[in-house]
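These notes concern the structure reproduced below.
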Amino acid sequence: MAAIREIKSRITATKKTSQITNAMYMVSASKLKKAERSIVSYRPLLKRMNHIIRGILSAKDVNHPMLEKRNDKMTCYILVSSDRGLAGPHNANVFRQFQKAISERKDEKFVVAAIGQKAFNFARRNKYDLIQEKAIHVRDDIQFVDFVDITQTFISLYLKEEIDRIVVFYSHFINTISQTVEQVQLLPIEFEEADETEKQTSYIYEPNQQQIINDLLPMFVENQLYGFILEAKASEHASRMTAMKSATDNAKDIIKKLELHYNRARQQAITIELTDIIGGANAVN
């Protein structure tokens, strides 16, 4: 009877776990729709800014410190993660890609900027030099203003030449079941080559192209980092949704197996009781 009670207890506990994981799946699915709309509507802005800046830079005598390549004496790696776990391999893939990158540049001096509680914990656990003392949290309803200060800190350190290169590791959202870890150089800025089919528009710049570049490049860096964080947030919800769906399905499979064992144990117990009753009746007769 003890075995039957134990199996029954495990079935009850597994059902409760299944209810929790199923609820988390539905919550993540709801949040993913909002995050996906945000990143899909944000991508055209970055593409347009990229196009405008490349057009301005095509002119002569236009330059900026954010465009100049330096000797990589000090590199800052920005790791974009989630604040919470239970998101499948979402965070682990970013950390693995980062460790692979630094292992290939063994003699490089670097510091780490952690965006997200998980990235902050990872950096502290591995004793990497952090540029911040507290974690930069990434809430579900991300706002641009949440990351303006930290982005300006990155830009300031770069312009002061305390950092020579800034590289971001984040999870790029493709679709619900597919996300890839991307490694992108934030500073110095590297622009993609112009698409041959892209139309080139002539502009009249006021006051002048150099002044526009001076104002536009910091804005572009801020928007680009914000775009990476939006991508990572959508990837987080997609990864958690997939993980919770798998956990719910696994829990249901376990419940089926436990119920089978439970029924067999009950049948065995009933058979033993019937055998005892029949044996006792035969003994009396």
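The values are calculated or read from the model by the stated rules, or taken from the named source; none is laboratory data. None of the values given here were measured: they were computed from a predicted structure. Virtual Cβ from ideal backbone geometry, glycine too; neighbours counted across all protein chains shown.
What are the residues in the stretch 34-82 that are part of a helix (DSSP H, G or I), of a type outside the set (Lys, Arg) and without any contact (Cβ under 8 Å) to a residue 24 or more places away in the chain, if any? Lay out the reasoning, then the answer.
Start the filter on the stretch 34-82 by keeping residues that are part of a helix (DSSP H, G or I), which leaves 34-57, 65-67.
Filter again for of a type outside the set (Lys, Arg), leaving 35-36, 38-42, 44-46, 49-53, 55-57, 65-67.
Within the stretch 34-82, Val40, Ser41, Pro44 meet the criteria.
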(request) Answer with yes or no whether Ile11 is of a type in the set (A, V, I, L, M), at pLDDT 85 or above, in the same structural domain as Tyr128 (by TED's automatic domain parsing) and more than 29 Å from Glu161 (Cα to Cα). (result) no
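For (1) under 28 Å from Gly88 (Cα atoms); (2) part of a helix (DSSP H, G or I), each residue gets a yes or a no:
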{"residue": "Tyr203", "(1), (2)": "no, no"}
{"residue": "Glu206", "(1), (2)": "no, no"}
{"residue": "Ser246", "(1), (2)": "yes, yes"}
{"residue": "Ala265", "(1), (2)": "no, yes"}
{"residue": "Glu273", "(1), (2)": "no, yes"}
{"residue": "Ala283", "(1), (2)": "no, yes"}
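Would you mind stating whether Gly88 is out of contact with any strand residue (DSSP E or B) (no Cβ under 9 Å at 6 or more places or on another chain), closer than 22 Å to Ile229 by Cα and of a type outside the set (A, V, I, L, M)?
yes
Looking at the stretch 85-95 only, could you name the residues that are touching a residue at least 24 places away in the same chain (Cβ under 8 Å) and either farther than 15 Å from Glu236 by Cβ or not β-branched (Val, Ile, Thr) (or both)? Before the answer, list the steps.
Here is the first cut: in the stretch 85-95, the residues touching a residue at least 24 places away in the same chain (Cβ under 8 Å) are 85-91, 93-95.
The answer is Gly85, Leu86, Ala87, Gly88, Pro89, His90, Asn91, Asn93, Phe95.
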(message) Please go through the stretch 24-63 and give me each residue that is farther than 16 Å from Ile142 by Cβ and among the small types (Gly, Ala, Ser), ordered by number.
(response) Ala29, Gly55, Ser58, Ala59
(request) Would you be able to tell me the number of residues in the stretch 1-47 that are closer than 27 Å to His261 by Cβ and not aliphatic (A, V, I, L, M)? (result) 15
(message) Show the residue pairs meeting these rules: Cβ distance below 8 Å; 6+ apart or different chains; first residue within the stretch 216-241 and farther than 20 Å from Tyr25 by Cβ; second residue among the charged types (D, E, K, R) and part of a helix (DSSP H, G or I).
(response) Gly227/Arg43
(message) Cβ-Cβ distance below 6 Å, separation of 6 or more or different chains: which pairs start in the stretch 117-135 with a residue that is farther than 12 Å from Tyr77 by Cβ and end on one that is at pLDDT below 90 and crowded, with 16+ Cβ neighbours inside 10 Å?
(response) Gln117/Ala135; Phe120/Ala135
